[in-house]
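See below for the structure under consideration.
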Amino acid sequence: MGEDMTSKRTSLVQAGMGDDPAYKSVSPPIYLSSTYCFDTITQKGKYDYGRTANPNRDELAETLTLLENGSSCVVTSSGMSAIDLVTNLFNADALIFAPNDCYAGTHRLLSNRAEQGRLKVKFIDFLDVKEVSEAFKEKPALVMLESPSNPLMRLVDIQEISKLAKSVGALVAVDNTFLSPVRQRPLDLGADFSIHSTTKYLNGHSDVVGGAIISKKEDHGNQLAWWANCLGITGSPFDSFMTLRGMRTLHARMDAQESSAMKVAQFLYNHPKISKVYYPGLPSDPGYNLCKKQQSGPGAMISFEVIGGFNSAKSVIENLKIFQLAPSLGGVESLISYPPTMTHGGMSETLRRDAGIKENLLRISIGLESSEDIIQDLSASFALI
């Protein structure tokens with residue numbers, strides 16, 4: 001994987017550079033036009049209408065396809081629209097499996113699609129071998145995975161689940177937002193689709209909302225492209241340009257953020273006021289060995305539980321100086337969120353409890369600040385609990 005990723009790192013930095021057909025600008029130009037001239041009344045050029053295709057969106061899609069070792073990519077208006085897009089490949093009687101501890105937005109989307117009668121959905125614990133074995137007897141059409149999960153960083157064996165899915169004729173989609181292709185490539189592990197909220201690590205600067213879905217097979221990619229155009233959920237030219245611009249530093253950002261995250265996770269693990277740390281980079285984490293198997297690094301997302309319940313969690317947030325309180329991740333700045341009221345606020349208390357999301361849980365996205373400053377900020381806040 002090392003040599004391959006070195007080549008992809010170079011390709012990512014060079015993507016779209018020097019290809020301007022008009023003036024040979026080094027940085028690719030932004031094509032904001034909503035429409036394009038036809039060559040003749042019966043013949044169009046490569047581009048005709050902005051919703052259908054755009055040069056900036058194509059450059060981003062081609063780069064993501066390369067990074068994920070896929071056949072094609074559809075760039076969408078958000079991560080949620082990318083998740084919803086894949087459901088259009090299935091009929092109303094199709095059964096979809098999803099993690100019981102998935103992102104609340106995904107849970108909300110699938111639950112309400114099921115209530116509409118658009119599809120059938122079953123939320124299961126993919127770490128429960130018996131539950132998984134029993135569930136697959138129902139022969140799902142699609143298995144949606146989230147690894148690491150949001151917010152508990154639980155890992156599932158993508159390769160094993162993909163094999164099981166294939167045995168019953170199911171497709172597999174993996175939300176790869178938390179790791180990006182530089183740390184995990186689901187298609188290489190047997191998945192059919194890799195989904196991203198490009199808002200997060202791919203763009204990396206908290207100034208774009210977007211999504212993407214990369215397909216392993218060309219036929220699936222063509223169907224998704226048709227539906228994206230039909231639904232009008234394709235990403236904008238400017239957002240596509242900004243995302244690719246941000247992606248040029250993806251490897252460097254992830255390397256630095258992950259290095260700091262490891263130090264922060266070790267600090268948290270050893271702190272007397274922290275009862276539990278969720279980070280697959282720690283040997284104590286249940287996903288540690290699986291992380292070594294299917295990822296090239298643990299990433300830069302950490303969750304932890306503070307001793308003292310809700311009041312302690314609230315105190316930690318209120319006394320931090322460096323961390324911004326916001327429900328996102330993957331930017332150059334460090335963020336902290338309180339899952340029970342933010343990312344998972346739309347889920348009932350019962351569902352949150354079943355998913356393991358407690359009232360003393362905090363999730364942090366490690367940025368590019370000095371790791372020493374980040375640790376000092378957390379330490380000072382903990383001292384006030």
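Per the Debye calculation on the stretch 255-385 with a single equal scatterer at every Cα and no solvent contribution, log₁₀ I(q)/I(0) for q = 0.22 Å⁻¹ amounts to -1.45.
Just checking the listed ones, CYS37, CYS73, CYS291: in the Gaussian network model of the chain with Cα springs under 10 Å, the one fluctuating most is CYS37.
Partner aspartates and glutamates whose Cα lies under 12 Å from the Cα of LYS120, excluding those fewer than 8 positions away in the same chain, are identified as ASP93, GLU138.
Total lysine pairs in the stretch 250-382 at Cα distances under 28 Å, for residues eight or more apart or on different chains: 18. Residues whose amide H falls under 5 Å from that of SER328, counting only those 5 or more places apart or on a different chain, are absent, with hydrogens built in the peptide plane.
What the phi angles of the stretch 331-336 give under the Karplus curve with 6.51, -1.76 and 1.60, with θ = phi - 60°, is a coupling list of x, 6, 9, 7, 10, 10 Hz, glycine and proline written as x.
If packing is taken as the average count of other Cβ atoms within 10 Å, what order do 92-105, 261-274 fall into, highest mean first?
Final packing ranking: 92-105, 261-274.
Sparse packing (at most 15 other Cβ atoms within 10 Å of the Cβ) combined with a DSSP loop state is found for the following chymotrypsin sites (Phe, Trp or Tyr not before Pro) in the stretch 1-65: TYR23, PHE38.
The modelled label-to-label distance for the pair GLN324/LEU32, using points 7 Å beyond Cα in the direction of Cβ, is 2.4 nm. Of the peptides 339-346, 200-207, 373-380, the order by per-residue mean of other Cβ atoms within 10 Å, starting with the highest, comes out as 200-207, 339-346, 373-380. Between the stretch 234-307 and the stretch 84-158, the alpha-carbon centres lie 24 Å apart. By a straight-distance test (C-alpha under 29 Å), which lysines pair with LYS46 as possible cross-link partners, with residues fewer than eight away in the same chain excluded? Candidates past the 8-residue exclusion: LYS8, LYS24, LYS216, LYS217. Based on Cα contacts under 8 Å between residues 6+ apart, the stretch 250-382 shows a relative contact order of 28 percent. Between THR52 and ASP93, the modelled label-to-label distance comes to 3.5 nm, taking each label 7 Å out from Cα in the direction of the beta carbon.
Only helical runs count toward this figure. For the chain, summing -39,500 (n - 2.57) over DSSP H runs of n ≥ 4 and dividing by all residues gives -12000 deg cm²/dmol at 222 nm.
Regarding the chain, what's the average projected area of the Cα-atom convex hull, expressed in nm²?
19.8
Computed over the alpha-carbon pairs of the stretch 95-231, the distance histogram in 10 Å steps reads 11, 42, 38, 8, 0 percent, short to long.
So how much slack lies between VAL13 and ALA380, counting 0.36 nm per residue of separation and subtracting their Cα-Cα distance, in nm?
128.3 nm
Across the stretch 244-318, Cα-Cα pairs more than 18 Å apart make up 49 percent of the total. Karplus-based coupling profile of the stretch 260-266, in residue order and whole Hz: 5, 4, 4, 5, 5, 4, 5, with θ = phi - 60° in 6.51 cos²θ - 1.76 cosθ + 1.60 and x standing for Gly or Pro.
Read the figures in this text as sums done on the coordinates, not as results from a lab. This structure is a prediction, so every number in the text was calculated from the model and none was measured. No Cβ is skipped: glycine too gets one built from the backbone with ideal geometry, and neighbour counts run over all protein chains shown.
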